[in-house]
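Right, one structure below, let's go through it.
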Amino acid sequence: MACALGFRELANRNRFVEELEEDCYHVDFVGGYFVIYGLPYLNERGELAHGDWVSPVNLSADGVIDPPINNHQAWFRGVRPHDQNGRQLRLGGGAHKISVAESFETDSSFSYKLLDPAGQARDYTSFEEKVRTYLDTITAPALTKFPDATPLRAIKLKAAEQGTPLLFPDTLSSRYHMNDVSRLLTQKRVAIVGLGGTGSYILDFLARTHLAEIALFDDDKVQVHSIFRFPGFIERAIGSLKVDALTQQYGYWHANISPVPARVTETNIERLRVFDFVFLAIDHGPSRIFIADWLSGNGIPFVDCGMGLNRAPVGLNGVVRVTGVDRAAYEATARTVFLPGEEPQGGEYRRQGQIAELNALNAALAVIRFKQHLAIYERLDESPSLIFETSSFEIDRRTVAN
């Protein structure tokens with residue numbers, strides 16, 4: 001039974017095994033042994049090393065792993081683990097080779113026992129307790145000394161299997177059977193022009209996708225008010241270029257974010273020609289019109305974002321807008337409230353920086369429109385632009401006459 005059972009069946013019948021896999025431990029069931037690959041530990045010189053932990057299992061007739069009664073033993077491929085002071089961990093056992101599979105032979109065995117309240121050795125109450133006890137004991141010194149080390153080896157392995165710059169495995173799509181939809185973003189190159197609050201939230205959403213490239217265009221530096229409008233918190237970002245700070249932050253998510261520390265003008269707009277889609281998140285009306293005109297005239301789909309914040313009889317009234325994605329949308333909206341071409345005239349927005357929720361909403365609407373363009377979301381509404389107002393909680397749509 002043990003040898004015939006595959007890992008997928010084992011995980012399906014044992015919830016904690018499935019949890020280990022979902023947490024991105026690199027686990028397998030090989031030749032009747034439960035294996036966890038790539039555990040970080042310290043060798044005798046205090047260096048970071050990685051080894052593979054192996055344990056036999058007691059399987060019931062229906063494939064459930066029974067408690068390991070009278071079986072504290074496990075095996076390890078790697079040198080003996082040590083603590084931060086160079087002392088070998090007291091895991092019992094000794095040099096012991098077993099063949100787990102072809103080209104997989106262990107170096108030593110362990111026999112680590114827990115004690116009951118009376119100080120006597122006791123059995124593990126479950127196989128999960130055995131696994132987690134060994135995991136914690138072996139890896140704790142390494143994780144303390146090397147905070148960037150991780151036992152979650154499957155993150156990189158599964159991410160690499162995707163063949164895209166996304167640095168985490170897209171288990172969200174697979175969990176809900178949406179791989180076919182999320183993969184529509186592969187090979188697509190996107191640019192974000194303007195990295196203020198809205199542009200940074202657009203990046204926050206896009207960095208979690210399979211896009212082939214995300215280019216960031218902005219020549220501004222991070223100031224204190226910028227920090228309040230960015231998603232999360234970026235440490236020591238003040239004074240650095242926005243594109244550099246955000247590239248570094250979101251480079252943990254996505255491997256192909258390209259910072260371009262420049263404002264888009266007549267002299268460099270040709271750089272946008274290579275992109276499949278462009279987000280405009282700038283507050284300069286003439287630049288907005290110029291770029292949207294050029295993009296739509298060259299067949300490059302776009303979404304332009306806009307925001308406003310004004311005093312109302314009670315508190316503030318916030319407005320967010322999205323417009324796009326093609327030439328028809330541009331021609332129907334250019335130099336109207338749906339695609340303004342004038343400079344903003346002061347207003348509360350200039351003095352009220354702590355409005356991240358409106359930036360996030362604006363960005364979310366823009367990304368939804370982008371994904372509608374790629375048929376990731378269904379689109380029934382053909383309006384080229386919409387405006388949402390917080391006071392009324394209503395949406396105003398630009399209609400186009402037939």
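Under a Cβ-Cβ cut-off of 14 Å, what is the net charge of the residues other than Val100 that fall near it, where Lys and Arg count +1 and Asp and Glu count -1?
Values: positive: Arg77, Lys97; negative: Asp28, Asp52, Glu102, Glu105, Asp107.
Net charge in that neighbourhood comes out at -3.
For Tyr377, Tyr201, Tyr330, what ranking results if the residue with the fewest other Cβ atoms within 10 Å of its Cβ goes first? If you can, show how the numbers build up before the last one.
Numbers: Tyr377 13, Tyr201 26, Tyr330 23.
By the 10 Å Cβ count, ascending: Tyr377, Tyr330, Tyr201.
Applying the Karplus parametrisation 6.51 cos²θ - 1.76 cosθ + 1.60 with θ = phi - 60° to the phi angles of the range 302-311, what ³J(HN,Hα) value in whole Hz is obtained for each residue in order, glycine and proline being reported as x?
Ordered by residue, 3J(HN,Hα) equals 8, 10, 9, 10, x, 9, x, 9, 10, 5 Hz.
Counting Lys and Arg as +1 and Asp and Glu as -1, what is the net charge of the other residues whose Cβ lies under 14 Å from the Cβ of Leu157?
Working: positive: Arg153, Lys156, Lys158; negative: Glu21, Asp23, Asp28, Asp52, Glu161, Asp170.
Charge balance near Leu157 sits at -3.
Using only Cα positions of the chain, each an equal point scatterer, no hydration layer, compute I(q)/I(0) via Debye at q = 0.12 Å⁻¹ and quote the log10 values to two decimals.
-0.94
Under 5 Å between amide hydrogens, which residues at least 5 positions from Asp107 or on another chain qualify, with H placed 1.01 Å from N in the peptide plane?
Close amide H contacts, sequence-distant or interchain: Phe76, Arg77, Gly78.
Work out Dmax and Rg for the range 163-397 from the C-alpha atoms and quote the Rg first, both in angstrom.
17.1, 54
Please compute one quarter of the surface area of the Cα convex hull for the range 7-155 and express it in square nanometres. Present the calculation step by step, with values, prior to reporting the outcome.
Numbers: hull surface 37.4 nm².
For the Cα atoms of the range 7-155, the hull's average projected area reads 9.4 nm².
Take every DSSP beta bridge whose two residues both sit in the chain, then give the antiparallel share in percent to the nearest 5. Present the calculation step by step, with values, prior to reporting the outcome.
On the way: 50 of 67 bridges.
Of the beta bridges lying entirely in the chain, close to 75 percent run antiparallel.
How large is ³J(HN,Hα), in whole Hz, for each residue of the range 63-75 in order, when computed from phi with the Karplus curve 6.51 cos²θ - 1.76 cosθ + 1.60 and θ = phi - 60°, using x for Gly and Pro?
With coefficients 6.51, -1.76 and 1.60, one gets x, 7, 7, 7, x, x, 5, 6, 9, 8, 7, 8, 10 Hz.
What angle do you read, to the nearest 10 degrees and between 0 and 90, between the alpha-carbon axis of helix 356-373 and the longest principal axis of the chain?
Its long axis makes an angle of about 90 degrees.
Under 13 Å from the 7 Å Cα→Cβ point of Ser111, by amide nitrogen: which residues of the range 67-86?
Of the residues in the range 67-86, 70-75 have backbone N under 13 Å from the label point off Ser111.
Relative to the first principal axis of the alpha-carbon coordinates of the chain, what is the inclination of helix 127-145, with its axis defined by its Cα atoms, in degrees from 0 to 90 and to the nearest 10?
With rounding to tens, the tilt is 70 degrees.
I need the Debye-formula profile for the range 2-47: one equal scatterer per C-alpha, no solvent, reported as log10 I(q)/I(0) at q = 0.20, 0.31 1/Å, two decimals.
Here log10 of I(q) over I(0) equals -0.66, -1.15.
Quick check on the exposure proxy: order Thr390, Thr144, Thr139 from fewest to most C-beta atoms within 10 angstrom. Don't jump to the answer; show the numbers that get you there.
Values: Thr390 17, Thr144 12, Thr139 21.
Starting with the residue having the fewest Cβ neighbours, the order is Thr144, Thr390, Thr139.
Compute log10 of I(q)/I(0) for the range 250-318 with the Debye formula, placing one identical point scatterer on every Cα and leaving out solvent, at q = 0.14, 0.17, 0.18, 0.25 Å⁻¹, to two decimals.
Cα-only, vacuum Debye calculation for the range 250-318: -0.58, -0.75, -0.80, -1.16.
Restricting to the range 224-355, what percent of DSSP beta bridges are antiparallel, rounded to 5?
Details: 10 of 14 bridges.
Once the DSSP bridges in the range 224-355 are tallied, antiparallel ones form about 70 percent.
For the range 217-225, just list the computed ³J(HN,Hα) in residue order, Karplus coefficients 6.51, -1.76 and 1.60, θ = phi - 60°, integers in Hz, with x standing in for Gly and Pro.
3J(HN,Hα) across the range 217-225, in whole Hz: 10, 5, 10, 7, 9, 6, 10, 4, 5.
Straight-line reach from Lys113: which lysines have a Cα under 16 Å away, not including same-chain ones fewer than 8 places off?
Lys130
Using a cut-off of 27 Å between alpha-carbon atoms, which lysines can reach Lys188, once sequence neighbours fewer than 8 places away in the same chain are excluded?
Hits, sequence-local ones excluded: Lys156, Lys158, Lys242, Lys371.
Taking amide hydrogens as modeled 1.01 Å from N in the peptide plane, which residues meet the under 5 Å criterion relative to Val57, leaving out close sequence neighbours?
Amide H neighbours of Val57: Phe34.
To the nearest 20 Debye, how big is the dipole of the range 163-397 about its Cα centre, given +1 on the beta carbon of each Lys and Arg and -1 on that of each Asp and Glu?
Working: 23 positive and 27 negative charges, 76 e Å.
That gives the range 163-397 a dipole magnitude of about 360 debye.
For the chain, with a Gaussian network of springs between Cα atoms less than 10 Å apart, report the residue from Ser258, Ser287, Ser103 with the top mean-square fluctuation.
Top of the fluctuation ranking is Ser103.
What is the magnitude of the charge dipole of the chain about its Cα centre, with +1 placed on the Cβ of each Lys and Arg, -1 on the Cβ of each Asp and Glu, and no other charges, expressed in debye to the nearest 20? Before the final figure, lay out each step's value.
Values: 41 positive and 50 negative charges, 108 e Å.
Charge dipole of the chain: 520 debye, to the nearest 20.
Between Pro67, Pro40, Pro169, find the one with the highest GNM mean-square fluctuation for the chain; connect C-alpha pairs within less than 10 Å.
Pro67
If you stretched the chain out fully between Gln84 and Thr171, how much longer would it get, using 0.36 nm times the residue separation minus the C-alpha to C-alpha distance?
Result: 27.8 nm gained on full extension.
None of the figures in this text is laboratory data; all of them are computed from the coordinates on show. All values reported here derive from a predicted model rather than from experimental measurement. Don't worry about glycine lacking a Cβ; one is built from the backbone with ideal geometry, like all the others, and counts go over all protein chains shown.
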